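Engineer: Below is one structure. I have some questions about it.
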Amino acid sequence: MRILFTTYPDKTIFHAMVPLAWALRTAGHEVRVAVQPKFADVVTQAGLTAVSVGRDPSTWRLAELNIEQVEAERAGLPAPYDAAVDPAAVDWEKMRDGYATLVEQWHQLDNFPMIAGLVDFARGWRPDLVVWESNTYAGGIAAEACGAAHARLVWSVDVFGVAREHYLRLKAERPKDDRADPMADWLGPYARKYGFDFTEDLLTGQFTVHQLPASLSMDAGLDYLPMRYVPYGGVAAVPKWLWAAPERPRVALTLGTTATDRYAGYAADVRDILDSLADLDVEVVATIAESAQRKLTSVPGNARIVSWVPLHALVPSCSVIINHAGPGTFLTSALHGVPQLTVPWDFDEPELARRAAAQGGSLTIRADRATGESVRAGVLRLLDEPGFGERAVSLRDEIRALPTPNQLVPRLEELTAKRRVADR
């Protein structure tokens, strides 16, 4: 088959797609990854074939014009996606207005620059299957425009599918003259332009690949294909200091790249956390962006500060991981059965962290409440109380029981073939 992957230009999201793309490639299928021009190098660094479509986005340049507003909106899920986790947010007017705002300020900005180019490429190359990241709606449009089957790939809790399910229920309960749907109003004209009708498949795919075990996931009434998370973080080299096992318990501190790449910085106070662990008999390894390192006036003697290290190489040597509950970071740590202390803040992180704490293998403290004292107390609990380690191992085993990307390939082949036959 010919299989086309597509995503808007976000490294952490693209990284979540790479193992499946390679599984399909090594199964003998042709794989292309369609992205905007400046992101093509990220794709080729992963050993995949890039196709440049459309033009480069200005989303984050525009966001920087109002950095205070952007920073305020980082905290948790915005409407309408907060309805997936908060029953009080399941409100018609709030969800309708939330969709309208996000179409204008997020989804349209990410998708408009690539829709026409992606459709042109898909109609020329004729893929059998299009796999698109859950906010890259251009992928569904291109698939429908060329008659391909298409799958949405979800990288965390599926707040998009669950919120949409709530909205459709509320919409059906409204009078016929009061059923506004900003998402359908936005994507409907593209569907008509390219010769088909708007359906919910444009928002949630014909089927959905997701990478969370059952204990952490939330599901809408959709066709889900579970897949084991496989860590991939880009070009990686293991430093020599990581070759040998640590002489003391190792505690890692990693707060991701998005906070410093796109926002004003980490939500948690890195210096306060490092100082709080300074007198413990542990080795702290902190992956801190260079821009944040410059703000550290001193470094405790038991801490090693690095700009970056391959997380999948670091985690197995750790006794505890302090992190932001970014899905890639969290799942990489969980895959090795390491207890975690999460300090979430952005978008889906608080909900993923809450579910993880309920599972029992981790603790969570909201980032703006993660004082040095509270983090220290959490780390000591994770080190001293064996129950956390036992539950972390249970989560590891649950993840490992999921089909690997390679094991998922036959199912994708089957579903694609059925869709193509049905479309004829």
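Engineer: For the stretch 153-269, what is the per residue volume of the convex hull drawn over the alpha-carbon atoms, in cubic angstrom?
Structural biologist: Once divided by residue count, the hull of the stretch 153-269 is 226 Å³.
Engineer: With the contact rule set at Cα under 8 Å and sequence spacing of 6 or more, what percent relative contact order holds for the chain?
Structural biologist: Working: 766 pairs, mean separation 66.9, N = 424.
With pairs under 8 Å counted, the relative contact order is 16 percent.
Engineer: Considering only protein heavy atoms and a probe of 1.4 Å, how much of the accessible area of the stretch 363-424 is carbon and sulfur, as a whole percent? Write down the numbers at each step before the final one.
Structural biologist: Details: 1780 of 3600 Å².
Accessible surface attributable to carbon and sulfur in the stretch 363-424 totals 50 percent.
Engineer: Restrict the search to the stretch 220-322; then list the trypsin sites (Lys or Arg not before Pro) that DSSP places in a loop and that have at most 16 other Cβ atoms within 10 Å of their Cβ. Each step should come with its number before you reach the end.
Structural biologist: Working: sites: Arg228, Lys240, Arg250, Arg262, Arg271, Arg294, Lys295, Arg304; in loops: Arg228, Arg262, Arg294, Lys295.
Filter output for the stretch 220-322: Arg262, Arg294, Lys295.
Engineer: Add -39500 (n - 2.57) for each DSSP H run of 4 or more in the chain, then divide by its residues: what number comes out at 222 nm, to the nearest 500 deg cm²/dmol?
Structural biologist: The helix-only estimate for the chain comes to -12500 deg cm²/dmol at 222 nm.
Engineer: Hey, another quick one. Taking the Cα centre of the stretch 133-226 as the origin and placing charges on Cβ (Lys, Arg +1; Asp, Glu -1), which of Asn135, Ala220, Ser156 is farthest toward the positive end of the dipole?
Structural biologist: Asn135
Engineer: A further question on this structure: Which entries in the list Lys94/Lys193; Lys94/Lys171; Lys11/Lys38 go over 20 Å, if you measure between the two C-alpha atoms of each? Don't skip to the end; give the middle numbers.
Structural biologist: Values: Lys94/Lys193 30 Å; Lys94/Lys171 12 Å; Lys11/Lys38 12 Å.
As for pairs spanning more than 20 Å Cα to Cα, those are Lys94/Lys193.
Engineer: Right, next: Give the carbon-plus-sulfur fraction of the accessible surface of the stretch 268-317 in %, rounded to a whole number; probe 1.4 Å, heavy atoms of protein chains only.
Structural biologist: So the carbon and sulfur contribution to the accessible surface is 46 percent.
Engineer: Also: Accessible area per residue for the stretch 336-409 in Å², computed with a 1.4 Å probe and the full protein assembly in place, what is it?
Structural biologist: That works out to 43 Å² per residue.
Engineer: Full-extension gain between Leu296 and Ala401, please, as 0.36 nm times their residue separation minus the C-alpha to C-alpha distance.
Structural biologist: 33.6 nm
Engineer: Probe radius 1.4 Å, ligands and nucleic acids ignored: give me the carbon and sulfur share of the accessible area of the stretch 123-201 as a rounded percent.
Structural biologist: Result for the stretch 123-201: 48 percent of the exposed heavy-atom area is carbon or sulfur.
Engineer: So, with +1 on the Cβ of K and R and -1 on the Cβ of D and E, and no other charges, what is the size of the charge dipole of the chain about its Cα centre, to the nearest 20 debye? Working shown, then result.
Structural biologist: Values: 44 positive and 54 negative charges, 243 e Å.
Here the size comes out at about 1160 debye.
Engineer: Give me the accessible area per residue for the stretch 122-186, probe 1.4 Å, as a whole number in Å².
Structural biologist: Value returned for the stretch 122-186: 30 Å² of accessible area per residue.
Engineer: Indicate the gyration tensor shape class of the stretch 293-370 (rounded, prolate or oblate), computed on the Cα atoms with a ≥ b ≥ c the square roots of the eigenvalues: a/c under 1.5 is rounded; otherwise a/b larger than b/c is prolate and the rest oblate.
Structural biologist: Oblate shape, in that a/c is at least 1.5 and b/c is the bigger or equal ratio.
Engineer: Please give me, ordered by residue number, the GluC sites (Glu not before Pro) of the stretch 149-232 that lie in loop per DSSP and have at most 16 other Cβ atoms within 10 Å.
Structural biologist: When the GluC sites (Glu not before Pro) of the stretch 149-232 are filtered for loop state and at most 16 Cβ neighbours within 10 Å, Glu200 remain.
Engineer: With Cβ to Cβ distances under 12 Å as the rule, what net charge do the other residues near Leu274 carry (K, R +1; D, E -1)? Mind dumping the intermediate values first?
Structural biologist: Working: positive: Arg271, Lys295, Arg304, Arg376; negative: Asp269, Asp272, Asp275, Asp279.
Once positives and negatives cancel, what remains is 0.
The values are calculated or read from the model by the stated rules, or taken from the named source; none is laboratory data. Nothing here was measured: the structure is a model prediction, and the numbers come from that model. Neighbour counts are summed over all protein chains in view; Cβ atoms, including those assigned to glycine, are modelled from backbone coordinates with ideal geometry. Remember, those area values only see protein heavy atoms, side chains included, never the ligands or the DNA or RNA. Shrake-Rupley method; radii C 1.70, N 1.55, O 1.52, S 1.80 Å.
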